[in-house]
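Novice: Please see the structure below; I have some questions.
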Amino acid sequence: MERRIERAAVTAWVPVVALVPFWLLATAAIWLPFRLVFGIAYWWFPVAWLALGAILLVPWVQIGVLTRLLGARRPDAHELEVIEPLWRDLAYAANLPQAAYAVRVIDSDELNAYACGGRLLVVTSFAISGLTPQQLSGVLAHELSHHLGWHTGALTVGHWLSLPVVALARVGFFLQNVARAATDAFVSHSAALTALGRAVAFLLTGVSWVFLAALYASDALANVVGHGSEYEADRRAVKMGYGRPLAEALRMVIRLGGGQRAIGWRARLAASHPPARTRVARIEAMLRHPSR
């Protein structure tokens, strides 16, 4: 089992590796104007981006930044009454200090939870109010298992590297629209200039789609790998003794109609979840045959 979990942790980095060439290409595109004006060497840009991302490894920085980025908040007094005893028992079961990770809440009417970065667990307000404490403990055990399996580290690095790729795609589409508008407004009287404007717009569209396609491909690969990570997190939760509570929480997800819809920017965090019914069946099989 441990060997399988370690393999899943390594596989989780495959989408990041696939994204690296396009990240380097995006940083090169950003570097070119600075090279022309200031003569800065290219390698400063990827190194500086990695160094800036390394700041997120500082626990309090990571928790603060990701909490704001995800639109989460600290649990209120009532929510703390529910979460604290569950988290204390879970930390004890995992042989971890209780303060090693932080639990935050997203106000949402969906039943969902996320493991983010390396220190953060995010639960929806509906999950806290709609699940029994036992079911919620299974959800928290599953999300903690993502951290223990190093699944979230690869996802966070991938998102960080994707930011320049996303920025270049958006800038490309913006400039494409500008080129088209300028062509229609100012040079429509000239066939040659109109053709040039359309060629520039076409070129910018192509560049934008290259970056966007790279992002989609990386996300698709991450989703395929993410299914394995979800199963391994379930397996670890079962090993810690939280299999039945997790299965009951997933049955609640099924009764509510899936519960895996996207929440804005957080769509990329939710997209890797396999069907709840499949996960319940696998958990039940592990509970019946714990040695497998």
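Novice: Can you send over the solvent-accessible area of W13, 1.4 Å probe, protein chains only, in Å² to the nearest 10?
Specialist: Approximately 100 Å² of W13 is accessible to the 1.4 Å probe.
Novice: Pop out the carbon and sulfur fraction of the accessible area of the range 16-55 as a percent, whole number, probe 1.4 Å. Each step should come with its number before you reach the end.
Specialist: Details: 2200 of 2580 Å².
Exposed carbon and sulfur together represent 85 percent of the surface.
Novice: Determine ³J(HN,Hα), in whole Hz, for all residues of the range 39-44 in sequence, where each value follows from phi through the Karplus function 6.51 cos²θ - 1.76 cosθ + 1.60 and θ = phi - 60°; x replaces Gly and Pro.
Specialist: In residue order, the calculated couplings are x, 6, 5, 4, 4, 4 Hz.
Novice: Another question, if that's okay. Can you list the HN-Hα couplings for the range 63-72, worked out from phi with the Karplus curve (6.51, -1.76, 1.60; θ = phi - 60°), rounded to whole Hz and with x for Gly and Pro?
Specialist: Each residue's phi maps through the Karplus curve to give 5, x, 5, 5, 4, 5, 4, 8, x, 9 Hz.
Novice: A further question follows. Can you give me the long-range amide H partners of N112? Hydrogens built in the peptide plane at 1.01 Å from N, cutoff under 5 Å, separation of 5 or more residues or another chain.
Specialist: T124, A127
Novice: Between V61 and D107, how many nm apart are label points set 7 Å from Cα along the C-beta direction?
Specialist: 3.0 nm
Novice: Next up: Hey, can you find the accessible area per residue of the range 1-123 for me, probe 1.4 Å, expressed in square angstrom?
Specialist: 58 Å²
Novice: Top to bottom by accessible area (1.4 Å), largest first, where do I128, I254, I30 land?
Specialist: Values: I128 15, I254 40, I30 65 Å².
The ordering from most to least exposed comes out as I30, I254, I128.
The values are calculated or read from the model by the stated rules, or taken from the named source; none is laboratory data. Only a predicted model underlies this, so the values are computations on that prediction, with no experimental measurement involved. Ideal geometry is used to build each Cβ from the backbone, glycine not excepted, and the neighbour counts take in all protein chains shown. These area figures cover heavy atoms from the full protein model, side chains too; ligands, DNA and RNA do not enter into them. Shrake-Rupley method; radii C 1.70, N 1.55, O 1.52, S 1.80 Å.
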